[in-house]
Amino acid sequence: MDKTPLTPLHEWTPTPDKAIALQRELAPRVEREDRIGEVNLIAGVDIGFEQEGAITRAAVVLLDWPSLTLVDHVIYREPTRMPYIPGLLSFREIPAALEAFNKLSATPDLVMVDGQGIAHPRRLGVASHLGLWLDLPTIGVAKSILCGRHDEVPEQRGGWTPLSHRGEVIGAALRSREKVKPIFISSGHRVSLETSLDWVVRCLGRTKLPEPTRLADRLASRRGAMPAASS
DNA sequence: GCGACAG
DNA sequence: ATCTTGTCGC
């Protein structure tokens, strides 16, 4: 495996062409097979914005497995560095996400990210990119598709259909809840698609999004209160 | 050249 | 992503 240090995004705001070149360079380093140990802590990550998008707000929640109890949570704010460009989302969100991660009280064994993993034009969505940086198993949990297509999704909860792009299965459309539009799961780093689906389903409450992502979402967008931390 | 387009 | 209240249905 390539051990070359990754380019530090926090001190570099790339132009679109440079960002794309970096994605092509990093994509081969993403591991799509399982390389995940015992899971006791699962993290959820999401980014929100304030003041017309001028401020980026990163939120990370840490949940205990299997109780799915909130163990810790962090919110980190900083000036927004880059505009949103489809396909280059990681360059806009990762710097803030990493800062939030550094303030976490413990290192998670698995991370669920709001966005695509390898279900990306160059196979390096935000979940994969973040996984490389953290060198942790990550799963992409997206609410809509960036690229790829799929057939009808089974109606029952837990049913899924492969998401394909250019003749390759890059993820899955998952019915996380009956009678609700599916969510899109893809391996981020060090977790296979099958294992990703297992974990997402196991973390589902009676809501559309799995707990890690759902809670990070609430924190990042300033809605509702967080369940009391246990300990 | 014409759409599509994570958050 | 964000602006935003109530409301229909399981």
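Below, the figures for the structure above:
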{"read-out": "Net charge of Cβ neighbours under 10 Å - reference A:ASP114; Lys, Arg +1; Asp, Glu -1", "value": "-1"}
{"read-out": "Choice from A:VAL45, A:VAL30, A:VAL111 with maximal GNM fluctuation in chain A (Cα, 10 Å cutoff)", "value": "A:VAL30"}
{"read-out": "Hits among lysines - C-alpha to C-alpha of A:LYS3 under 18 Å, sequence gap 8 or more where chains match", "value": "none"}
{"read-out": "For a label point 7 Å along the Cα-to-beta-carbon line of A:ASP198, residues of the range A:149-170 with backbone N under 16 Å", "value": "none"}
{"read-out": "Cα→Cβ-extended label distance, 7 Å offset, between A:ASP34 and A:LYS3, nm", "value": "2.8"}
{"read-out": "Partner lysines for A:LYS143 [C-alpha distance under 28 Å; skip if fewer than 8 residues away on the same chain]", "value": "A:LYS18, A:LYS103, A:LYS179, A:LYS181, A:LYS208"}
{"read-out": "Neighbourhood net charge (13 Å Cβ-Cβ; Lys/Arg +1, Asp/Glu -1) for A:ARG190", "value": "-2"}
{"read-out": "Restricting the range A:131-210 to trypsin sites (Lys or Arg not before Pro) in coil, as DSSP defines it, with at most 13 other Cβ within 10 Å", "value": "A:ARG166, A:LYS179, A:ARG206"}
{"read-out": "Residue among A:VAL180, A:VAL71, A:VAL61 with the largest mean-square fluctuation in a Gaussian network model of chain A, springs linking Cα atoms under 10 Å", "value": "A:VAL180"}
{"read-out": "Cα gyration tensor shape for the range A:1-127, rounded if a/c is under 1.5, else prolate or oblate", "value": "oblate"}
{"read-out": "222 nm mean residue ellipticity, helices alone, for chain A (DSSP H n ≥ 4; -39,500 (n - 2.57); rounded to 500)", "value": "-7000 deg cm²/dmol"}
{"read-out": "Given charges at Cβ of Lys, Arg, Asp, Glu: chain A dipole, positive-most of A:PRO66, A:LEU174, A:ALA127", "value": "A:LEU174"}
{"read-out": "Paramagnetic reach from A:ILE75 (point 7 Å along Cα→Cβ, amide N under 11 Å) across the range A:202-222", "value": "A:218-222"}
{"read-out": "q = 0.13 Å⁻¹: log10 I(q)/I(0) that the Debye formula gives for chain A, counting C-alpha atoms only", "value": "-0.71"}
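Here, each number is a calculation from the coordinates, and none is a lab measurement. Just so we're clear, the structure is a prediction, and the values are computed from it rather than from any experiment. Reconstructed Cβ throughout: ideal geometry from the backbone, glycine too, with neighbour counts over all protein chains shown.
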